[in-house]
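Worksheet: one structure, shown below.
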Protein chains: 4
Amino acid sequence: MTIATQRRVVTRQSREQRETAIMQAAQRVFAEKGYEDAAMSEIAALAGVVEGTIYKYFESKRDLLFRVMAAWYEGLLRDYDIGIAGIQGTRNRLRYIVWRHLRTIHDEPALCRLFYSQIRTAGDYHASYIQDLNRRYTRFTVRLLKEGMAAGEIRPDVNVALVRDLIYGTIEHHCWNYLRGQGDLDVDRLADELVDLVLPGVAQGKPAAELETNVARLGRLVERLERASTGEGEA
Amino acid sequence: MTIATQRRVVTRQSREQRETAIMQAAQRVFAEKGYEDAAMSEIAALAGVVEGTIYKYFESKRDLLFRVMAAWYEGLLRDYDIGIAGIQGTRNRLRYIVWRHLRTIHDEPALCRLFYSQIRTAGDYHASYIQDLNRRYTRFTVRLLKEGMAAGEIRPDVNVALVRDLIYGTIEHHCWNYLRGQGDLDVDRLADELVDLVLPGVAQGKPAAELETNVARLGRLVERLERASTGEGEA
Amino acid sequence: MTIATQRRVVTRQSREQRETAIMQAAQRVFAEKGYEDAAMSEIAALAGVVEGTIYKYFESKRDLLFRVMAAWYEGLLRDYDIGIAGIQGTRNRLRYIVWRHLRTIHDEPALCRLFYSQIRTAGDYHASYIQDLNRRYTRFTVRLLKEGMAAGEIRPDVNVALVRDLIYGTIEHHCWNYLRGQGDLDVDRLADELVDLVLPGVAQGKPAAELETNVARLGRLVERLERASTGEGEA
Amino acid sequence: MTIATQRRVVTRQSREQRETAIMQAAQRVFAEKGYEDAAMSEIAALAGVVEGTIYKYFESKRDLLFRVMAAWYEGLLRDYDIGIAGIQGTRNRLRYIVWRHLRTIHDEPALCRLFYSQIRTAGDYHASYIQDLNRRYTRFTVRLLKEGMAAGEIRPDVNVALVRDLIYGTIEHHCWNYLRGQGDLDVDRLADELVDLVLPGVAQGKPAAELETNVARLGRLVERLERASTGEGEA
DNA sequence: GATGAATGAGAATTCATTCAT
DNA sequence: GATGAATGAATTCTCATTCAT
């Protein structure tokens with residue numbers, strides 16, 4: 001039994017334009033305030049829209065969040081393969097992946113924080129789509145590692161998934177101060193350091209056993225040589 | 001009109017007992033529902049006090065959360081040094097640290113999730129105390145690495161902070177499925193794998209590629225020397 | 001993250017007083033506007049309470065409605081048995097029941113309308129409690145009929161439930177104009193009329209079968225007598 | 001850029017067809033969800049039109065409800081007179097009326113509930129038209145009773161309106177469990193029972209008690225006369 | 001020291017209705 | 001004649017926090 005009222009004349013826009021406007025506004029408000037403290041009314045105001053309109057495009061606040069995050073992730077994925085195709089060598093490619101990831105954190109810390117605090121913790125259906133996008137995103141690393149294996153640059157016994165987690169986990173952990181707004185992030189230096197740290201653990205080399213054998217032989221030899229050179233007067 | 005007024009018997013407890021009761025209740029409710037969805041009223045009910053009482057002991061809901069998390073972290077820190085003191089060798093100690101961390105995640109996934117989603121993202125004063133506890137917690141790893149360096153087991157040029165982030169970051173990243181309630185966590189296997197992955201990158205020695213070459217050269221040299229030293233009688 | 005604000009000083013009342021105040025306000029607003037058009041804010045204002053307070057006492061708007069209706073029904077049931085105990089004879093008692101029901105409709109048409117439109121249509125758990133009260137209410141009629149049977153005043157083959165429905169159904173149907181606010185309701189006259197209409201259908205008398213038999217015999221006899229009296233000249 | 005703009009093919013239909021489609025959709029949604037919980041958008045979707053279109057045909061949601069109910073009632077009235085014309089005798093006709101009403105409840109409980117909860121309670125202009133239809137509907141009973149009076153089958157002092165209310169009220173009251181979706185409805189048996197219950201109260205004849213006496217006297221008289229007429233030869 | 005009733009602002013969400021296209 | 005995007009007010013309900021008792 002709602003009483004109809006006069007309303008202000010409205011600029012009619014295409015569905016797509018409105019949707020984009022809302023998502024942009026939402027992205028900004030979510031990034032600034034976090035999910036819980038973001039108010040639909042504020043998003044609406046920023047998008048130049050009435051609250052009800054948002055619900056024509058998005059089922060709920062949560063849905064809006066997920067659509068925003070999904071769009072962002074899809075943007076991250078765009079041209080990723082092209083970018084990587086132009087780079088040769090396992091090391092260079094790995095560095096590119098690390099660097100690109102760091103770059104994203106550097107440029108959009110608020111969205112990253114949002115992802116870490118809202119999407120990753122969630123176990124519901126919506127979140128799983130974005131988690132899927134995330135899997136596609138990290139799969140570049142997985143692929144790289146496997147290609148490195150095929151090329152003999154990476155040890156075949158490496159646990160690929162664990163190395164993937166190592167790369168993204170290390171980066172995230174290292175960036176938390178920056179994500180929290182404390183300090184800066186030296187993307188280039190960090191990319192180098194991380195690659196240097198990771199590669200030795202995975203790069204192809206003689207198996208440890210062989211190395212140890214040789215070291216042991218060497219040790220024995222050195223002893224003998226030492227004895228020979230110092231104990232000449234013996235006998 | 002001699003109806004006895006019902007009056008619920010108030011168990012008079014010591015300040016400390018009440019505080020503990022509230023914190024235990026809070027820990028449980030926070031862990032179950034997450035911070036936002038936890039209601040002070042529910043915590044109060046579970047603790048057997050009324051809502052107002054909580055505010056005698058804790059400034060705010062946020063404060064309560066932080067006190068709960070701090071207490072938990074303090075528990076994690078207790079006896080840590082003793083535990084580690086009994087273990088010898090860089091590798092064994094590192095494995096212990098990794099294993100203990102995984103064990104914690106395994107046993108209290110909900111609290112870990114709470115930490116990751118609520119404490120780490122926060123930048124306020126309260127959180128910083130817990131972040132400090134966290135630093136003390138991860139410092140065991142830092143110390144280990146430095147001792148390893150002093151003992152010549154670890155390369156002196158290793159970025160210790162980065163390795164620390166590598167360890168905790170990798171673990172966290174790898175455990176997210178489990179934290180989300182999907183799948184199980186093989187603590188022992190994972191501890192081994194991770195140590196195997198990390199150590200080669202930090203252990204004392206030339207970088208792998210160079211090492212390989214040198215090892216090979218050494219191998220050839222050793223052979224020659226051995227032949228020379230044993231086959232003196234040859235013509 | 002609600003910001004605490006200064007609040008006006010509040011008159012502390014007993015739980016019971018507040019509850020009563022809210023229920024009275026609710027009863028009035030529901031009665032005036034109907035369930036859907038009643039606003040919790042209006043009820044709160046009328047009760048001299050803030051909206052949130054209502055939810056300390058009542059789970060939901062629906063719950064409030066049911067509690068109001070239940071209280072009303074419980075009032076209707078109070079002293080019913082005492083009232084009826086003082087009256088002798090099936091007819092008198094029936095008239096009392098009918099009269100009392102009409103009186104209720106006459107005095108509280110809005111609440112009756114509420115019951116008819118909201119409670120009776122509902123099939124949920126809450127409603128069923130009130131429907132149960134309603135059953136207890138109409139059971140007086142059922143009991144009366146059964147006692148009448150035992151006393152030989154009412155035919156034993158009467159479908160008691162149907163007669164109960166007849167009484168309450170007829171009354172309701174007849175009162176709808178009044179309930180809708182059109183016209184008046186002559187409680188006494190209507191009570192008499194209805195009792196006169198109902199009783200003959202249920203009062204003890206020879207079973208219809210016997211009556212019919214006698215009527216048929218009579219019919220045949222009359223024919224014969226008629227023939228006899230007119231056809232005297234026949235041989 | 002020669003992508004054909006997708007455009008959903010609008011089935012051009014006659015005014016009447018559209019109106020019918022909307023009303024059918026509305027009837028279904030109203031019946032399923034009740035008035036308040038029915039959404040215009042759902043009705044529109046079911047009718048295959050957009051929300052705005054509905055407002056070309058119907059002033060408001062309420063108007064739509066009334067038009068739907070009116071159409072339904074008009075359907076109920078159609079052929080009613082023909083059906084009744086073919087039936088002879090007060091009893092048979094009454095049974096037909098009762099049976100037909102029960103049949104309707106049996107077949108369309110949701111619409112009946114809608115009528116009882118939305119139309120009958122309403123006091124506004126729109127509702128009054130349907131209440132008028134209802135009067136035309138129940139008038140068949142009134143007419144029947146009056147004809148019965150004229151034929152001497154029904155006592156002339158019977159309050160016709162009250163009997164009408166008795167019939168419809170009893171039926172409704174008795175059917176509420178079924179209307180609520182609990183239990184089944186035995187139309188035929190109930191029709192018989194109700195007619196048996198109603199008729200004695202209105203049928204021509206002395207009140208039962210007196211009738212009984214007279215029947216008994218008649219019985220004795222008949223016996224005497226029979227003996228007299230057949231046993232003429234007796235001495 | 002505890003109580004717990006009351007606060008009150010705020011949140012998300014719904015939906016009948018309109019009107020420029 | 002139909003569209004359907006936009007409206008925008010209204011509504012229920014939640015909950016951290018306070019403070020008179």
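Report, by residue number, each residue of the stretch A:140-199 that is part of a helix (DSSP H, G or I), within 12 Å of chain B (Cβ to nearest Cβ) and among the basic types (Lys, Arg).
A:ARG164, A:ARG189 - these are the residues of the stretch A:140-199 that are part of a helix (DSSP H, G or I), within 12 Å of chain B (Cβ to nearest Cβ) and among the basic types (Lys, Arg).
Say we look at the stretch A:13-29 and pick out the residues that are of a type in the set (S, T, N, Q) and in a helix (DSSP H, G or I); which of these is nearest to A:ILE105 (Cα to Cα)? If you could, list the steps in order and put the result at the bottom.
The first filter runs over the stretch A:13-29 and keeps only residues of a type in the set (S, T, N, Q), leaving A:13-14, A:17, A:20, A:24, A:27.
Then drop every residue that is not in a helix (DSSP H, G or I), which leaves A:17, A:20, A:24, A:27.
Working: A:GLN17: 28, A:THR20: 23, A:GLN24: 19, A:GLN27: 15 Å.
Looking at the filtered set, the residue picked out is A:GLN27.
Taking the stated definitions as given, is C:GLU108 away from chain D (no Cβ under 13 Å), among the acidic types (Asp, Glu) and under 16 Å from the mean Cα position of the chain (by Cα)? Give the steps one after another, and end with the answer.
On the way: away from chain D (no Cβ under 13 Å): yes; among the acidic types (Asp, Glu): yes; under 16 Å from the mean Cα position of the chain (by Cα): yes.
Judged against the criteria, C:GLU108 is a match.
Among the residues of the stretch A:30-58, which ones are free of Cβ contacts under 8 Å to residues at least 24 places away in the same chain, within 14 Å of another protein chain (Cβ to nearest Cβ) and either within 13 Å of DNA strand F (Cβ to nearest atom) or not in a helix (DSSP H, G or I) (or both)?
Hits for the stretch A:30-58 are A:GLU36, A:ASP37, A:ALA38, A:ALA39, A:GLY52, A:TYR55, A:LYS56.
Is there a residue in the stretch B:59-75 that is farther than 18 Å from B:LEU114 by Cα, within 8 Å of DNA strand F (Cβ to nearest atom), modelled with pLDDT of 90 or more and assigned to a helix (DSSP H, G or I)?
Among the residues of the stretch B:59-75, not one is farther than 18 Å from B:LEU114 by Cα, within 8 Å of DNA strand F (Cβ to nearest atom), modelled with pLDDT of 90 or more and assigned to a helix (DSSP H, G or I), which makes the answer no.
Just to be sure I understand, how many residues within the stretch D:103-121 are part of a helix (DSSP H, G or I) and basic (Lys, Arg)?
Number of matching residues: 2.
Just checking, how many residues over the stretch A:96-116 are out of contact with any Gly (no Cβ under 9 Å at 6 or more places or on another chain), surrounded by 16 or more Cβ atoms within 10 Å (Cβ to Cβ) and not aromatic (Phe, Trp, Tyr)?
Count: 10.
Which one of these does A:ASP81 not meet: (1) farther than 30 Å from B:CYS112 by Cα; (2) crowded, with 18+ Cβ neighbours inside 10 Å?
Only one criterion is unmet by A:ASP81, namely (2).
Please determine, by comparing only the residues of the stretch B:137-171 that are among the charged types (D, E, K, R) and crowded, with 21+ Cβ neighbours inside 10 Å, which one is farthest from A:TRP176 (Cα to Cα).
Among residues in the stretch B:137-171 that are among the charged types (D, E, K, R) and crowded, with 21+ Cβ neighbours inside 10 Å, the one farthest from A:TRP176 (Cα to Cα) is B:ARG164.
On the basis of being away from every other protein chain (no Cβ under 14 Å), more than 16 Å from DNA strand F (Cβ to nearest atom) and touching a Leu at 6+ places or on another chain (Cβ under 7 Å), does B:ARG103 make the cut?
So B:ARG103 does not fit the description; no.
From the list C:ALA228, C:ALA151, which residue is assigned by TED's automatic domain parsing to the domain that holds C:ILE87 and modelled with pLDDT under 90? Give the derivation first.
Details: C:ALA228 fails: assigned by TED's automatic domain parsing to the domain that holds C:ILE87.
None of the others qualify; the one that does is C:ALA151.
Of the residues D:ALA26, D:ALA44, D:ALA39, only one is under 30 Å from C:SER117 (Cα atoms), surrounded by fewer than 16 Cβ atoms within 10 Å (Cβ to Cβ) and either in the same structural domain as D:LEU114 (by TED's automatic domain parsing) or at pLDDT 90 or above (or both); which? I'd like the intermediate steps shown before the answer.
Values: D:ALA26 fails: surrounded by fewer than 16 Cβ atoms within 10 Å (Cβ to Cβ); D:ALA44 fails: surrounded by fewer than 16 Cβ atoms within 10 Å (Cβ to Cβ).
So the residue among D:ALA26, D:ALA44, D:ALA39 that is under 30 Å from C:SER117 (Cα atoms), surrounded by fewer than 16 Cβ atoms within 10 Å (Cβ to Cβ) and either in the same structural domain as D:LEU114 (by TED's automatic domain parsing) or at pLDDT 90 or above (or both) is D:ALA39.
Would you confirm, using the coordinates I've provided, whether A:THR121 is at pLDDT below 95, of a type outside the set (Phe, Trp, Tyr) and within 16 Å of B:HIS173 (Cα to Cα)?
On the way: at pLDDT below 95: yes; of a type outside the set (Phe, Trp, Tyr): yes; within 16 Å of B:HIS173 (Cα to Cα): yes.
Considered against the rule, which asks whether it is at pLDDT below 95, of a type outside the set (Phe, Trp, Tyr) and within 16 Å of B:HIS173 (Cα to Cα), A:THR121 comes out as yes.
Name the single residue, out of those in the stretch A:59-71 being crowded, with 16+ Cβ neighbours inside 10 Å and near DNA strand E (Cβ under 8 Å from one of its atoms), that is farthest from the other protein chains (Cβ to nearest Cβ).
A:LEU64
Might you check whether a residue that is among the polar types (S, T, N, Q) and either assigned by TED's automatic domain parsing to the domain that holds B:MET40 or part of a helix (DSSP H, G or I) (or both) occurs anywhere in the stretch B:87-102?
yes
Assess whether B:ASN134 counts as being away from DNA strand F (no atom under 16 Å from the Cβ) and either surrounded by 15 or more Cβ atoms within 10 Å (Cβ to Cβ) or not assigned by TED's automatic domain parsing to the domain that holds B:ILE167 (or both). Full working, then the answer.
Details: away from DNA strand F (no atom under 16 Å from the Cβ): yes; either surrounded by 15 or more Cβ atoms within 10 Å (Cβ to Cβ) or not assigned by TED's automatic domain parsing to the domain that holds B:ILE167 (or both): yes.
When the stated conditions are applied, B:ASN134 passes them.
Scan the stretch C:85-113 and report the pairs whose first residue is modelled with pLDDT under 90 and whose second residue is surrounded by 19 or more Cβ atoms within 10 Å (Cβ to Cβ) and among the small types (Gly, Ala, Ser), with Cβ atoms within less than 6 Å and a gap of 6+ or a chain change.
Partner pairs satisfying both residue conditions: C:THR90/C:GLY148.
The values are calculated or read from the model by the stated rules, or taken from the named source; none is laboratory data. Quantities reported herein were computed from a predicted structural model and do not represent experimental measurements. Note: ideal-geometry Cβ built from the backbone for every residue, glycine included; neighbour counts use all protein chains shown.
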